[in-house]
Structures are given as C-alpha cells and as structure tokens.
Amino acid sequence: MPMPPLHKRLAAIIGLSLMLLFASGFIPEEPTDHPLTLTTPLPELESGQARNVSGAQGGALLPNAAANGVETWGPASPEEYVVNEDAVVTSETVRAGDSMALIFARRNFSARALYALTQTAHGETLTGIFPGARLTFESKNDQLTALTYEPGPLERVVFSREQDGSFSSEEIFTEPEKVLTYKHGIISSSLFSTSQAIGLPDNLTMRLAQIFQWDIDFVLDIRPGDEFFALVEEQYLDGEFIGFGDILSARFVNQGRTFTAVRYTTENGVSDYFNAQGRSMRKAFLRAPVEFSRISSSFNLRRKHPLYKTVRPHRGIDYAAPPGTPILAAGDGRVEIASRTKPNGNYVVIKHGEQFVTKYLHLSKFARGIKSGKRVNQGQIIGYVGSTGYATGPHLHYEFLVNGVHQNPRTVSLPQAKPVNEQEISRFRERTFENLVSLDHFNQQVALASTSQRS
C-alpha cells in the first residue's frame, strides 16, 4: 500500500532531524536505573558530625516550608542515593497522620525490624514522631541497616544494625551558635498579638507567661499598656537562624507592678527562674490549674445557686473551658480521692502536706494512672474538663483549703517554692549578675527612647 502524503512528510522531517543530530556529534546517553549515583562511597561519620549527602537536588538539613505550613528539616519529598551496588540511602519528612508502622509498611521494611528498633535505649523516640521531623533510612539488599531520626536541626538519634540482627542507638546533639537579643513589647490587646508583632513565636510567649504565671493571671490581669522585656538566645546553625533558645532574664510590668526573673542552673544541674534575691518565681501552688476561657462563677459565700435558686456558699471558682481541656495538679502532693458522686461527677482531691488540700470537680475523665494514693507533681495532668455531676456546662470547679478552711484560690497568699540554697547564693549572684544588668540597661534604653519620643 502506498504511503499517504502526510506520513511521507513526517518521515522526511524525522529523517532530516536525525541526520542533523548525528552530524553535530550528539550521542544519546544510556538510561540510568537510579536518579543519582555517587562515584565515591559516603565517608564514615564521626560522633556529632552531620551527614549532608548532596547531589543534583541537594540534601542539606536546613528548614523548608512545607505545603501544609509545617516546618521541616529536610527535603519535602523522598530522595534516594546509591552508595554502592546494593546499598541505598533514602530520606523523607514525616507527614501528618504518619506513624513508624505506617512508614515501614509504605517502604516495605519488616515489622520485626521496627520492633528491634523500639527495643534500643532510644526506641521510645520513635513512638512520638511528629510532622516535619526527618527520617533517613540506609538499607542493603532491601534490609534496613541504619535509621536516623531528626526531630529538629540540633538533635538526631542514630540506630545501627549489629551483626546479630539487633540494633544499637545513639543520641547526638549539635551545639548551635548562640546570639543574645533583646525583645520589648507594649500590650495593646493581648500578649500573643503583641509578641507576634515583635517577632516572638507563640511557644516562646508561652514560656514567658509560664515564668510569671504565679504572680500574674494572664487571662484576667492583663491590661493595655502592660509591657515586658526579655533577654533571649537566638540560635544559628551554619549561619542560618533556626529558632530561639532560653529566656535568660525577663521583666513584666502588669498594672504598675514589676516582676523580674533570671534563669539560673543550680549546682545540681536544675535550671529554673528566680528573682534578683534568689527567691523562686514559682509558688508552691498554681493560681489556676487549667487553661480557661473565663470564670463562670467566682468564690462567693453568699452565691445564689443556679439550679436550686437558694443562697448557698460557692466555696471555689468555676473555670469555664472546652471539654477535654487538661486539668493540672496545682501543687506537689498525694491523691486522696479519685472517685465519682452524683453531685460532683468525676472528682479528685489532692492533699499537699498537712496544711493544704485542693479539690477538682466535674471532670470528664481522669488522666491515666490517677487514683487514690498516687503521688503527683505540680503541673501534672490529673484529668480533663467535663460537665459530669451537677454542672450546667463544661467547667472545672476548683477549691483550695488551708487547715480545713476554704479560701479564695485567686487571692489566697501562696507559699513560695524553695529559694536558691544559702550555700550557693554567692554562685547565684555571680552567674546571674550580667544577665540582670543587661536587662536593666535595655529597660533604661527603652525608657529613654520613649521619653524622647514624647518630648
């Protein structure tokens, strides 16, 4: 059958193109089986050395902005590198909803290998992986030989297969470069909006609030015009800013009252915040043992009961909060009661020594392990907000008793936590002097600038 005119023209064009290509010396490359081949094997890593396997697309451990807004510490999509004929290194970023079991199934690694990893000294770190963390797998003949888990740019856990098939593990920390910076904010509407406006992330703002939470109620006490000052560490890795470190010293001015705190690490290696005299910023009890949205009913010994419409004392404070909000132990102590009654619903009573007792009513459920006789620490979760018992809505009813007498939790004088040991008070003054002086100097500079602007 004769070739159609259109096919003849196409054949002529293709033939002419091929002639031109070969005439110019073009030789097509042979197809490769892998996206990237290293001509030399990866060097052995020394302890503390970061592996940076880079190729056409790079593999540096620097922050990436993922599509879902989660900060990651590696390539957003898996990368594969051939080390030799049968060993490969692959990496990926943990996605929302991922677990190690799901990732291992996706990569066709055995459940037995995952179990062996969890039996190592650092195996528990793999049970709490989160979106944005980085995983690097090394395998040989489809068998996992090493795994590196990097929850952030400064920490990695390396798991290595031993000859008997088990795994060993090592946690490696990279020390960043630290640069001191000052932050100052004047509150107009809220602490968080002010902090965001001056470049402080929410987690650092939470740390700032936690330092002063025993003296300031950040839900009820904050007013426009309140201000704060902070001396903070900025952290850099290979010249790149990777986040904030510790708050070294801070000052908060609330309704004309000034509170100053400085970070100090004791001779026993415990870090905490103290005032300039070495007294702990902590109190023996939290003012509010739950993150609440409002107080739905205050301490009032002549309150009219909302259900019975009669005057009945309200010997505690009702903190309204969404169902499931964690409830914290207000102080160190022992659970005396963790039970349920018709009026109280699920409730917990904690005894703190011989003098103090705290009560928590209407819980939706208890936290794991909370039962009579259990020792708890201040800030430990003991249950969750609910509306069990005689409750008109989800809230925590909180009571505070001193020597058997109910006191208003918001106004009662709280005992201080332990101050700096007298034997190391000289060490405390020596170690904190520079940070306190720097904070004072910064405070004065801000005040001078504000005065000059007004004039």
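The values are calculated or read from the model by the stated rules, or taken from the named source; none is laboratory data. Since we're looking at a predicted model, the values are computed, not measured. Using ideal geometry, Cβ is built from the backbone for each residue, glycine included, and neighbour counts are taken over all protein chains shown. Ligands, DNA and RNA are excluded from the accessible area calculation, which covers all protein heavy atoms including side chains. Shrake-Rupley method; radii C 1.70, N 1.55, O 1.52, S 1.80 Å.
Summary table
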read-out: Calculated from backbone phi, Karplus (6.51, -1.76, 1.60) coupling profile of the stretch 151-165 in Hz, x at Gly/Pro; value: x, x, x, 9, 9, 8, 10, 10, 10, 10, 6, 8, 4, 7, x
read-out: Apportionment of accessible area to carbon and sulfur, the stretch 170-275, percent (1.4 Å); value: 47
read-out: Lys/Arg +1, Asp/Glu -1 at C-beta; the stretch 146-268 dipole; positive extreme among Ser188, Val232, Phe167; value: Ser188
read-out: Sequence ranges 257-267, 106-116, ranked by mean other-Cβ count within 10 angstrom, highest first; value: 257-267, 106-116
read-out: Projected label distance in nm at Ala276 and Val219, using a 7 Å step from Cα toward the beta-carbon; value: 3.3
read-out: Gained length - Ser168 relative to Glu155, 0.36 nm times residue gap less alpha-carbon distance; value: 3.0 nm
read-out: Ellipsoid semi-axes in whole angstrom, largest first, where each is sqrt(5λ) of the Cα gyration tensor of the stretch 386-448; value: 42, 21, 11
read-out: Computed E for Ile337/Glu175 - FRET, C-beta separation, R0 41 angstrom, nearest 0.05; value: 0.30
read-out: Cut-off 13 Å between beta-carbons: net charge of the residues surrounding Phe159, Lys and Arg +1, Asp and Glu -1; value: -4
read-out: Separation of the Ser387 and Lys140 label points, Cα + 7 Å toward Cβ, nm; value: 6.2
read-out: Full-stretch length increase - Gln210, Ser450 - with 0.36 nm per residue and alpha-carbon distance subtracted; value: 83.6 nm
read-out: Length released on extending from Phe192 to Glu233, taking residue separation times 0.36 nm less the Cα-Cα span; value: 12.8 nm
read-out: Two-site label geometry, Arg112 and Val412: point separation in nm, points 7 Å out along Cα→Cβ; value: 5.9
read-out: Protection proxy ranking of 436-443, 416-423, 152-159 - average other beta-carbon atoms within 10 Å, highest first; value: 152-159, 436-443, 416-423
read-out: Protection proxy ranking of 343-349, 238-244 - average other beta-carbon atoms within 10 Å, highest first; value: 343-349, 238-244
read-out: In Hz, Karplus ³J(HN,Hα) per residue of the stretch 104-114 (6.51, -1.76, 1.60; θ = phi - 60°; x = Gly, Pro); value: 4, 5, 5, 9, 6, 8, 6, 5, 5, 5, 5
